[in-house]
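**Q** Shown below is the structure under consideration.
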2 protein chains.
Amino acid sequence: MLRKRISVRTIGRLSAYRRVLFRSLTTGPANVYSYQIAALSGATPAQVRRDLMSVGYSGSPNRGYQVAELAASIGEFLDDPDGQNVALVGVGNLGRAILAYFAGRRPRLAIVAAFDAAPEKVNRTIHGCRCYPIAQIPTIAARENIRVAVIATPAEAAQSVADTLIAAGVRGILNFAPVSLKVPPWVYTEDLDMTMALEKVAYFARHEKQQERDTQS
Amino acid sequence: MLRKRISVRTIGRLSAYRRVLFRSLTTGPANVYSYQIAALSGATPAQVRRDLMSVGYSGSPNRGYQVAELAASIGEFLDDPDGQNVALVGVGNLGRAILAYFAGRRPRLAIVAAFDAAPEKVNRTIHGCRCYPIAQIPTIAARENIRVAVIATPAEAAQSVADTLIAAGVRGILNFAPVSLKVPPWVYTEDLDMTMALEKVAYFARHEKQQERDTQS
DNA sequence: GTAACGCTGTGATTTCCTTCACGAATCTCA
DNA sequence: TGAGATTCGTGAAGGAAATCACAGCGTTAC
Ligand SMILES: NC(=O)c1ccc[n+]([C@@H]2O[C@H](COP(=O)([O-])OP(=O)(O)OC[C@H]3O[C@@H](n4cnc5c(N)ncnc54)[C@H](O)[C@@H]3O)[C@@H](O)[C@H]2O)c1
Ligand SMILES: NC(=O)c1ccc[n+]([C@@H]2O[C@H](COP(=O)([O-])OP(=O)(O)OC[C@H]3O[C@@H](n4cnc5c(N)ncnc54)[C@H](O)[C@@H]3O)[C@@H](O)[C@H]2O)c1
């Protein structure tokens, strides 16, 4: 398994490709071409083909890719065969929206536990997910084998929450708080900063001519 | 004003720098060094200095940058002096969280109108923001001079909403729907795709050694 | 004074990612 | 069967962004 370091951008695009493939499964024919995937996902045909090199599924010339098989191959490449449980910390406005959205949507990548510091939020079930006090992060994380977490707490709390999560075995964090988390090198963090994103949009809305295709990195 | 195309990433980081500067305003001394900004925002010192070249504010050797002045300069560079009004389309779980968060937070970049297709959501005021039927996008956008919009509708509706917004004069879109929008070249779009982000995190949580510093682009 | 230090601004370099371009493969149709 | 059309896989080229590295300068110490 000597695969040479896949780039972060490639992984993101593979996720996007898979989504358009699933959409095509119901609507379209059984095969697709790279230029079709590209059009639907905002990439270029060459980029699609190059990204797909990593997953090890080959299309056939003049026939393209089998939609169902390609989607399955990407899934095999991206997903853990046993599934990965996810924890959410911070059950505020955003946290609840996230719980509502992911509830029941992806069995292989489900949010199985929520945590919050506020007494009135804990020990309830929200959108099908149990909410625990943060003191229970270590025990629940161990019990549910949680390696992936989402942080949706206020900025001030984010770093200490991250430290707790990492101590409990978490190795990947999706961070919505507007701070840069300090984490050890074996932990991957991805920041989704809405304010920064909105400021970028506002800036380029005023500074014309910028025809980037930029699907989010 | 012959400035040579600032990159998308640079704009994003400038937004991050400004935020840490505002935070430092209250807590720290009056000056900062590039390496301090870097540490707080997850960048490198060289990157900070290079990014700051675009804004045209010079620090002084051995004294670094004046926090207040630098923050003001970045603001001058990023923000519209007259402010920019923002519209939100799709007042669901996520849309409401966004309204709650941005309400009253940034007077220069305020969400001044919300739109939704569901009859029970329109003509109400949610977190201080009036919600209109989508048919009123053209009139309200013209009245409020809206050039920036946020899309938080289901994926199926996103493209037609985008078309309507663009026809109404919108030039920058922050898109939360998991689709790639087709827009004319003078419209800037930024996709914030939570599912894709979570899948990236899940992937790299399983694939060791990846010590990326990746503040979101 | 003036020497030593430490940080900024920026040309040069490196690294990473995207795009190009073309041989090989598969299909169609006569 | 074979010519023509079309797409894939991928080495090579190109471009963009991060990093290096250092000259220049303000500051401090004495
Ligand atoms: N649209 C949005 O909601 C939005 C937009 C931009 C940024 N953000 C960021 O996302 C994060 C969450 O936003 P929100 O709107 O949901 O905020 P919120 O105030 O509604 O929710 C925060 C939640 O975190 C909990 N919390 C506080 N301290 C905690 C701790 N130490 N441990 C665990 N939980 C704790 C609170 O009890 C609350 O339930 C914030 O960092 C915010 O800056 C949100
Ligand atoms: N955590 C999250 O909430 C989350 C996570 C990942 C992705 N998303 C994406 O964000 C978007 C919104 O998510 P949500 O959870 O708020 O969904 P939601 O179903 O709660 O809200 C969608 C809203 O859009 C409105 N709407 C539907 N069609 C419309 C139209 N044609 N014009 C205007 N409004 C219309 C609906 O009335 C509803 O209010 C979706 O595309 C979703 O895929 C959300």
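Read-outs throughout are calculated quantities, based only on the coordinates presented, and are distinct from any laboratory measurement. Everything numeric here is computed off the predicted structure, so don't read it as measured data. So basically every Cβ, Gly included, is an ideal-geometry build from the backbone, and we count neighbours across all protein chains shown.
**Q** Quick one: if you stick a label point 7 Å off each Cα along the C-beta vector at B:Glu120 and A:Arg105, how many nm between them?
**A** 2.1
**Q** Now a separate question. Could you calculate the contour length gain from A:Gln136 to A:Glu69, that is, 0.36 nm times the residue separation minus the distance between their Cα atoms, to one decimal place in nm? Provide the component values of the computation, followed by the final result.
**A** On the way: separation 67, 0.36 × 67 = 24.12 nm, distance 4.13 nm.
Separation in residues times 0.36 nm, less the Cα-Cα distance, equals 20.0 nm.
**Q** What is the diffusion coefficient of chain B in µm²/s, taking the Kirkwood radius over Cα pairs and the Stokes-Einstein relation at 10 °C with a viscosity of 1.306 mPa s? Can you show the working numbers first?
**A** Values: Rh = 19.3 Å.
Estimated via Stokes-Einstein, D reaches 82 µm²/s.
**Q** Once you have a ≥ b ≥ c as the square roots of the Cα gyration tensor eigenvalues for segment B:8-78, tell me rounded if a/c is under 1.5, and otherwise prolate or oblate according to whether a/b is larger than b/c. Numbers along the way, then the final one.
**A** Details: a/c = 1.26, a/b = 1.23, b/c = 1.02.
It comes out rounded by the Cα gyration axes.
**Q** Give the shape of the protein assembly as shown as rounded, prolate or oblate, defined through the alpha-carbon gyration tensor: a ≥ b ≥ c are the square roots of its eigenvalues, a/c under 1.5 means rounded, and otherwise the shape is prolate if a/b is larger than b/c and oblate if not. Kindly include the intermediate steps, with their values, before the conclusion.
**A** Values: a/c = 1.27, a/b = 1.12, b/c = 1.13.
Rounded, because the longest to shortest axis ratio a/c is under 1.5.
**Q** Lysine pairs, Cα distance under 20 Å, 8 or more residues apart or cross-chain: how many in the protein assembly as shown?
**A** Qualifying lysine pairs in the protein assembly as shown: 10.
**Q** Provide an ascending nm list, one decimal, of label-point separations from B:Ala157 to the equivalent residue in each further copy; define each label point as 7 Å from Cα along Cα→Cβ.
**A** 3.1
**Q** List, in order, the whole-Hz ³J(HN,Hα) value for each residue of segment B:51-60 obtained from phi through the Karplus relation with A = 6.51, B = -1.76, C = 1.60 and θ = phi - 60°; use x for Gly and Pro.
**A** Rounded to whole hertz, the list is 4, 5, 4, 5, 7, x, 10, 9, x, 10.
**Q** A follow-up question, please. From the label point of A:Glu76, set 7 Å from Cα along Cα→Cβ, how far away are the matching label points in the other copies, in nm, ordered shortest to longest?
**A** A:Glu76 label point versus its equivalents elsewhere: 5.9 nm.
**Q** Counting partner chain Cβ atoms within 10 Å of every residue's Cβ in B:176-189, what's the average? Can you show the working numbers first?
**A** Numbers: counts 2, 0, 5, 7, 11, 1, 3, 2, 1, 6, 5, 5, 14, 8.
If you average over the peptide's residues, the count of other-chain Cβ atoms is 5.
**Q** Please work out whether segment A:84-197 counts as rounded, prolate or oblate from its C-alpha gyration tensor, where a ≥ b ≥ c are the square roots of the eigenvalues and a/c under 1.5 means rounded, while otherwise a/b larger than b/c means prolate and anything else oblate?
**A** Details: a/c = 1.30, a/b = 1.16, b/c = 1.12.
Judged from the Cα gyration tensor, segment A:84-197 comes out rounded (a/c under 1.5).
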